[in-house]
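Quick notes on the structure that follows.
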Amino acid sequence: MKMDRLRQNELSREETLDPQDWESFRRLGHRMIDEMTDYLRQVRTRPVWQYPPTEVKESLRQTIPIQGQSQEEIYQEFCRSILPYPGGNIHPCYWGWVNGTGTPFTMLAEMLAAGMNTNCHAGDHSPTHVELQVLEWCKHIFGFTPGAGGVLVSGASMANLIALTVARNAKASNVRAMGVTGIRQRLILYCSTEIHFSIQRAVEILGLGNSSIRRIPVDQNFRIDLRLLERSISEDRRDGNLPFCIVGNAGTVNTGAIDDLHGLADIAQREDLWFHIDGAFGAVAALLPEFSEVASGLARADSLVFDFHKWFYLPFGVACVLFQDEQLHRDSFELKTAYTDLVSHDRGIASGPYAFSNLSIEQGRSFRALKIWFALKETGLEKYRRLIRQNLKQAKYLGHLVESTPDLELLAPVSLNVVCFRYTDSHLSDDQLNRLNKEILMDLHEGGLVAPSFTLIENKYAIRVAIVNHRTRMTDLEMLVQETLRIGHFRLARPSKIKQQGAKIETR
Ligand SMILES: *Cc1c(COP(=O)(O)O)cnc(C)c1O
């Protein structure tokens with residue numbers, strides 16, 4: 001009797017987060033797609049980047065909502081305060097850091113994946129089978145055998161951590177049980193001075209410490225010096241250390257240099273070391289026949305990392321790590337618990353393929369494979385090849401423009417899609433040029449026409465262009481050159497301004 005009343009009362013009060021009016025939700029959704037379509041279509045007409053105005057920043061600091069608001073109001077606020085002030089990387093004239101552009105179709109894929117909201121940790125459902133399919137395609141692209149393993153993660157930093165975990169565990173016995181303090185000898189990892197900082201971060205997280213990294217000098221093309229590498233390995237052996245891993249670069253973040261991958265693979269083989277390749281963006285060049293040497297080098301890695309959100313032009317949040325030896329990958333992450341796969345099931349949702357949650361540190365996993373599936377099917381490898389080649393030609397063209405312009409100086413050879421240059425003047429010291437070029441970069445950003453980023457090449461401040469942008473045109477790069485010259489000339493006409501305003505540049 002009492003329970004009946006309770007049931008009656010609650011039945012009338014139960015709530016959900018679904019719309020009360022599905023039809024107005026549908027209209028709002030259609031409007032979002034309409035307006036986002038215009039936004040993407042007109043991206044070129046807006047500044048690459050602009051500061052969010054102070055009022056906007058202030059309006060984005062609010063107390064936590066206690067009562068809900070209407071969807072319409074929230075969307076209005078998004079359109080007013082968020083959408084007009086993006087990071088800039090969807091713009092044709094953005095070449096900063098290595099930030100991919102994304103595509104309209106993969107934006108929709110993200111919406112559909114969120115709509116399905118499947119947890120891709122495991123299970124017999126189409127999302128896990130799509131992810132397996134995507135991994136098969138990845139192996140195919142990079143010449144890994146069908147028996148190889150791999151997993152999709154949030155980005156190349158995470159992928160490098162997953163790869164180096166497997167490398168460490170494969171080369172030092174019983175780390176999972178005993179921890180790194182149980183390893184008698186000091187594990188040593190080798191890479192060049194041009195290595196991305198995510199490798200250092202991974203080594204630190206793995207408990208090996210930054211001093212376990214040997215940063216080997218590079219040649220004039222920013223490729224690791226193999227002779228110095230070999231010498232360093234034998235010194236470590238002599239000193240009683242335990243060399244365990246070589247990390248090769250396929251596209252360094254500074255200049256796009258690709259190490260001699262076959263040379264590294266030979267040394268790793270001879271010395272019985274794990275060979276990992278960080279190919280975050282550069283590995284993609286292996287799609288082109290003219291990079292067949294690189295492609296065959298990538299296929300010799302024990303583990304390979306590459307991003308989809310860089311040179312595959314996908315929206316952020318997805319990279320892949322591949323392993324030649326699937327079992328070693330599983331051995332590093334597999335855990336069998338009462339609530340996951342301690343008990344195996346041959347029917348029902350739990351009867352699916354090997355759990356992805358046993359292949360990285362994530363349990364809850366978004367359906368990030370869907371946007372890759374959409375992108376590869378929509379574009380096809382043929383068009384990917386054309387787009388990648390287009391970016392390579394654009395980089396070469398910019399390199400030539402810089403070299404043929406008297407007041408500009410190329411600071412590194414253009415070996416891939418990265419161009420490092422500076423404005424120069426024979427009356428100025430390197431220190432003054434550093435300050436001047438930093439001012440130029442900030443002016444370029446504030447001008448909103450073009451957005452390169454920066455790096456230091458042998459302590460020289462470089463304006464750095466990394467083209468992972470399917471919207472860029474040659475004329476955009478001509479504009480970059482024009483703007484750089486214009487600002488450089490303008491600033492040199494007022495040299496006092498440089499001295500006063502130029503902040504000191506930290507050099508390593
Ligand atoms: C971008 C990059 C990374 C890190 O990748 P995220 O996807 O940003 O985590 C690692 N290595 C290289 C060479 C990179 O360019």
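The values are calculated or read from the model by the stated rules, or taken from the named source; none is laboratory data. Keep in mind the model is a prediction, meaning the values are calculated, not measured. Note that we place each Cβ from the backbone using ideal geometry, even for glycine, and neighbour counts take in every protein chain shown. These area figures cover heavy atoms from the full protein model, side chains too; ligands, DNA and RNA do not enter into them. Shrake-Rupley method; radii C 1.70, N 1.55, O 1.52, S 1.80 Å.
Side notes on the structure shown:
- Subset of segment 110-164 (residues that are within 16 Å of the ligand (Cβ to nearest atom) and among the aliphatic types (A, V, I, L, M)): V151, L152, V153, A156, M158, A159, L161, I162, A163, L164
- The residue that is nearest to the chain's Cα centre (by Cα), counting only those in segment 344-393 that are charged (D, E, K, R) and not in a helix (DSSP H, G or I), is R368.
- Evaluated against (1) part of a helix (DSSP H, G or I); (2) within 30 Å of T475 (Cβ to Cβ); (3) not aliphatic (A, V, I, L, M), P52 falls short on exactly one condition, (1).
- Scanning segment 242-267 for residues being crowded, with 24+ Cβ neighbours inside 10 Å and within 18 Å of N169 (Cα to Cα) gives a total of 5.
- Residue count for segment 29-49, restricted to those that are closer than 16 Å to V450 by Cα and either aliphatic (A, V, I, L, M) or assigned to a helix (DSSP H, G or I) (or both): 4
- Residue check for T455: β-branched (V, I, T) and free of Cβ contacts under 8 Å to residues at least 12 places away in the same chain: no
- Scanning segment 55-78 for residues being β-branched (V, I, T) and open to solvent by less than 90 Å² (accessible area, probe 1.4 Å) gives a total of 2.
- Tallying residues that are under 30 Å from L416 (Cα atoms), surrounded by 14 or more Cβ atoms within 10 Å (Cβ to Cβ), more than 16 Å from the ligand (Cβ to nearest atom) and among the charged types (D, E, K, R) within segment 220-241 yields 2.
- Complete set of residues in segment 165-189 that are of a type in the set (S, T, Y) and within 16 Å of the ligand (Cβ to nearest atom): T165
- Filter result (over 26 Å from Y94 (Cα atoms) and surrounded by 12 or more Cβ atoms within 10 Å (Cβ to Cβ)) within segment 28-54: L28, G29, R31
- The criterion of at least 2 residues that are over 25 Å from the mean Cα position of the chain (by Cα) and either modelled with pLDDT of 95 or more or buried (at least 18 other Cβ atoms within 10 Å of the Cβ) (or both) is met, among helices (runs of 4 or more DSSP H) falling completely within segment 418-508, by 430-447, 474-492.
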